[in-house]
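Single-structure report; data block below.
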Amino acid sequence: MTPKPRTVPTELAALAMGVTQATIRKWASRGKLTRHGGPRRAEYDLDELFALARRGETE
C-alpha cells in the first residue's frame, strides 16, 4: 500500500521552497510537481518538493 502524500497548500509550498506561489504553479504546469487537491484548492507533496530542491531543479 502506497502511503498517502503529506501535502501542503500552494502558499506553504512556496514558503518551504523560498519561491513565489506563481513559481509553484508554473512548476506544476511544466510537470516538475504533481498537483493534488480539488479544483479550488491545490496542494503539493512535501517529499516531492524537497526532492526537487535536492536535484537542483528549482530554476
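Every number here is computed from the coordinates shown, using simple stated rules; none is lab data. The shown structure was predicted, so the numbers you read here are calculated from the model rather than taken from an experiment. All Cβ positions, glycine included, derive from the backbone under ideal geometry; neighbour counts span all protein chains shown.
When Ala22, Ala16, Ala28 are checked against the criterion of being touching a strand residue (DSSP E or B) at 6+ places or on another chain (Cβ under 6 Å) and either assigned to a helix (DSSP H, G or I) or touching a residue at least 60 places away in the same chain (Cβ under 8 Å) (or both), a single residue qualifies: Ala28. Which of the residues spanning the stretch 1-22 are surrounded by fewer than 17 Cβ atoms within 10 Å (Cβ to Cβ) and either among the polar types (S, T, N, Q) or in contact with a Ser or Thr (Cβ under 6 Å, 6 or more places away or on another chain) (or both)? Once the filter is applied, which keeps residues that are surrounded by fewer than 17 Cβ atoms within 10 Å (Cβ to Cβ) and either among the polar types (S, T, N, Q) or in contact with a Ser or Thr (Cβ under 6 Å, 6 or more places away or on another chain) (or both), the stretch 1-22 yields Thr2, Thr20, Gln21.
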